[in-house]
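To start, the structure itself, in structure tokens.
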Amino acid sequence: MKANGILFLLFFFIGNITFAQSLKELADKDFENRKFQSAINQYQKHLQKKRNPGDKGEIYFKIAESYRKLFEYSEALEWYKRAESAFYQLPALHYQKGKTLLNVGEYEKSKAALNHFLEKQPGDKDALRLLRNVDFALSMKNDPPPLHSFGNESQINSPESDYGANYFNNQIVFTSSRMDLSGSNKTYEVDGQGFSNFYTSSYNNTDKTWSKVEKLEALSADLNNGAFTFSKKTNTAYYGECSGEKGAFCRIMQAEFNTESKSWGKAAPLIYEGEKVEMVHPSVSEDGNSLYFVSRNVEGGLGGSDIWLLEKKGSGWGAPQIVEGINTEYDEAYPVLFDENSLYFSSTGFVGMGALDLFVSERRNEKWSAPENLRVPFNSNADDFLLVQKSDKSEGYFSSNRSGGQGSDDIYSFYLKPVNLLVKGQVLDVDSGTGLENVMVYLTVNDQAVDSTLTDAGGNYQFELEQDRDYKLKLNKPEYFGDSRKLSTDGEKYSKTFSKANGHDFDFALLRIPKEEITIEDIYYDYNSYNLRPNSKENLNKLVKLLEDSPDVEVMINAHTDDRGNPKYNLELSQKRAQAVVDYLIEKGINPVRLQSKGWGKTALLIENAKTEEEHQKNRRTTFKVLNQ
């Protein structure tokens, strides 16, 4: 991973070797000074010269370690295997092998190697942490499908390291160590690639292609540059720069962009209060007053690399402040401030998938929340970092050295998948069971129609829906009672069809309005009483809905008594019972203009000469009849 190799794991100065040394001594020196590609070459020459050196296992292990630190994991695993075959005894072999197996997604093998290490080093916190990462990675199998589509931007990626794409002036600025455009054959000693410089390209949405990649000469030099960030308010860019002078010191540079001439001013080091510290990976706030960065050597850090904050003070910047809540004793890097209150960054300190994982923390009441792992597919078993996105979060870029790319680090794009929501249903006739044609179906929000359609010959209908809406489907057909049903798309993040076939029944069965009375089932009164029993109201609520769904229907509520008691008294009692139902319907919001009531006493018995209480109960019935047919 070039981005890490240059701006995350570096800060070492190599002096010239001016005296004769053996190949092994040269290789060891290179290894100690993190010149890993050179170390590999020297070790392999030594092995060719000495076919059977006594320290073969150690050499194999150091070659493996060099490949691992160059993020060439497959090669590293091959050399760990050779070290094992040569009976290399240091427990670190099994730890690093387990860590590397985790980086390539060999989770069960990683677990075995780490457990082997723990047998020799019980309770080792780093190994236990990696085992938690293994379990976390395995748990991803149960994750729902991703909300985004992802793609490797192969048109702009190269065999070398390409990373850190960021938006600027309708194009992107990114960092690359490619050799073909650098104008120089100089290589970086750590990984053998070119020095990292800035490049630009723009995307054509019409033909779906990137423009020719061009070097951003104004901000590039024969140094390692990376992590470009830009404040629109101040028209100032900030970026990391690591030179080979004075111990490969890394600092943050700033340069102003002239919007009229479309040109860059001369870059200069950032001026801030406090001790001189190494600073990389800047991210500036929208207003240009806050700058997040990464360093290893600021007093008060928690260990590894930490994320710090500078805030504007006069014409310069104040002293570095550690960002509370997101740093660990391990490595945190590549902060990207989004929308002022979301901080995206990468870390090896929180439970993740093994290497650098992307996390997000939200600022709430001036404090950063516990970091949340972005999970697959933003994260992989490799290094994932530098996520930027548009303000609506619909698309963006991040960097990764995951397998399947063009080279070392690659730029990946992501887009929110379109969410297509549909409701499909069929409207049937209750009595015939056949589809009803020409039923008007309304799609409403807050009782306002937003769409409508007529059912086809088979009674079928469908609507397209929007996310996070509360809908109601309303049906209307002359000579039929209406019907309605609620439908919510709140929280729906995936394409979906609401239909009976998918477990969301939006089929309807409409009842033709009859000429005769319709009995309202289970409307009961106690003997000699016109008070509605509580269990009667459930069925009355069905009538309420029927009347709400059929706003033009007017009804007569009819109440009947049994044949016991005085006829005049029964007539008065039934009238009170009918009125009790009307009063309940009015209480529920039905317009009284649509309602009439009539008590029939015992003049319209269903069962003459009733004998049992059950028969008397059937006579004590409540019905309704549609008046305006």
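Computed over region 391-544, the Cα gyration tensor eigenvalues convert (square root of 5λ each) into semi-axes of 48, 20, 13 Å, ordered from largest to smallest. Simple point charges give the picture: +1 on the Cβ of Lys and Arg, -1 on the Cβ of Asp and Glu, and for region 467-552 a dipole about the Cα centre of about 320 debye. Dividing the C-alpha radius of gyration of region 308-365 by 2.2 N^0.38 Å, with N its residue count, gives 1.25. Ligands, DNA and RNA are left out, and with a 1.4 angstrom probe the accessible area of region 560-615 is 59 Å² per residue.
If you take the beta carbon distance between N33 and T206 as r and set R0 to 60 Å, what does 1/(1 + (r/R0)^6) give as a FRET efficiency, to the nearest 0.05?
0.75
Counting only DSSP beta bridges whose two residues both lie in region 337-381, roughly 100 percent are antiparallel. Just so you know, the Rg over Rh for region 393-472 is 1.34, from Cα atoms, with Rh as the Kirkwood radius.
Of all aspartates and glutamates in the structure, the ones whose alpha carbon falls short of 18 Å from that of K390, not counting any fewer than 8 places away in one chain, are E153, E286, D287, D339, E340, E362.
Quick check on region 522-629: take the gyration tensor over C-alpha atoms, sort the square-rooted eigenvalues as a ≥ b ≥ c, and tell me if it's rounded (a/c under 1.5), prolate or oblate. Since a/c reaches 1.5 and a/b is larger than b/c, the shape of region 522-629 is classed as prolate.
All other residues whose Cβ lies under 13 angstrom from that of D522 are scored, Lys and Arg at +1 and Asp and Glu at -1, for a net of +4. Using only side-chain charges placed at the Cβ, +1 for Lys and Arg and -1 for Asp and Glu, the dipole size of the chain relative to its Cα centre rounds to 760 debye. Label positions at F249 and K276, each projected 7 Å from the Cα along the C-beta direction, are separated by 0.2 nm.
Rounding to the nearest 20 debye, state how big the charge dipole of region 548-614 is about its Cα centre with +1 on each Lys and Arg Cβ and -1 on each Asp and Glu Cβ. Spell out each step's value before the answer.
Working: 9 positive and 12 negative charges, 71 e Å.
In debye, rounded to 20, region 548-614 gives about 340.
In region 502-535, whose amide N lies under 19 Å from the spot 7 Å out along Cα-to-Cβ of Q617? List them in ranges. Counting only backbone N, you get 519-535.
With R₀ set to 41 Å, the beta-carbon distance separating A457 from M556 gives a calculated FRET efficiency near 0.70.
Angle of helix 56-69 to the longest C-alpha principal axis of the chain, folded into 0 to 90 degrees and rounded to 10: 50°. Starting from the Cα of A112, move 7 Å in the Cα-to-Cβ direction to define the label point; list residues of region 43-84 whose amide nitrogen is under 19 Å from there. Once the point is set 7 Å along Cα→Cβ of A112, 74-84 turn out to lie under 19 Å by backbone N, inside region 43-84.
Using 0.36 nm per residue of separation minus the Cα-Cα distance, give me the extension gain between A218 and S85 in nm, one decimal.
Taking 0.36 nm per residue and subtracting the Cα distance, the gain is 42.7 nm.
How big is the gap, in Å, between the Cα center of region 499-525 and the Cα center of region 246-290? Here the two parts' Cα centres lie 71 Å apart. The share of accessible area on region 560-628 that comes from carbon and sulfur is 51 percent, using a 1.4 angstrom probe. Compactness ratio for the chain: Cα radius of gyration over 2.2 N^0.38 Å (N = residue count) comes to 1.47.
Hey, which of these cross-link pairs are over 22 Å Cα-Cα: K208/K417; K50/K81; K474/K576; K24/K69; K477/K598? Each step should come with its number before you reach the end.
Details: K208/K417 17 Å; K50/K81 20 Å; K474/K576 34 Å; K24/K69 19 Å; K477/K598 28 Å.
Correct reply: K474/K576; K477/K598.
Considering only DSSP beta bridges where both residues belong to the chain, give the percentage that are antiparallel (nearest 5).
Working: 107 of 119 bridges.
Rounded to the nearest five, the antiparallel share is 90 percent.
Once both labels are positioned 7 Å from their Cα atoms along Cα-to-Cβ, the gap between E372 and Y494 label points is 1.8 nm.
Shown for region 495-551 is the translational diffusion coefficient from the Stokes-Einstein equation, using the Kirkwood radius over Cα pairs, a temperature of 25 °C and a viscosity of 0.890 mPa s: 168 µm²/s.
A simple count of charges around Y203, restricted to other residues whose Cβ falls under 11 Å of its Cβ and scoring Lys, Arg +1 and Asp, Glu -1, yields -2. If the label point is 7 Å along Cα→Cβ of R564, which residues in region 594-610 have backbone nitrogen under 14 Å from it? Counting only backbone N, you get 609-610. Using C-alpha pairs under 8 Å with a sequence gap of at least 6, the mean separation divided by the residue count of region 495-629 gives a relative contact order of 33 percent. Each peptide among 403-411, 260-268, 49-57 gets the average number of other Cβ atoms lying within 10 Å of its residues, and from highest to lowest they stand as 403-411, 49-57, 260-268. Computed from the C-beta positions of Q596 and S432, the FRET efficiency with R₀ = 35 Å rounds to 0.70. Listed values for region 492-498 are Karplus-derived 3J(HN,Hα) couplings in whole Hz (6.51 cos²θ - 1.76 cosθ + 1.60, θ = phi - 60°), namely 6, 10, 10, 4, 7, 10, 7, and x replaces Gly and Pro.
Within region 331-399, report the GluC sites (Glu not before Pro) that DSSP leaves as loop and that have at most 13 other Cβ atoms within 10 Å.
Working: sites: E332, E340, E362, E366, E372, E395; in loops: E340, E366.
Here the GluC sites (Glu not before Pro) that fit, given the DSSP loop and packing criteria, are E340, E366.
The values are calculated or read from the model by the stated rules, or taken from the named source; none is laboratory data. Remember, predicted model here, so these are calculated numbers, not experimental data. Here the Cβ is made from the backbone with ideal geometry for all residues, glycine too, and neighbour counts use every protein chain on show. Note: areas computed on protein heavy atoms with side chains; ligands, DNA, RNA excluded. Shrake-Rupley method; radii C 1.70, N 1.55, O 1.52, S 1.80 Å.
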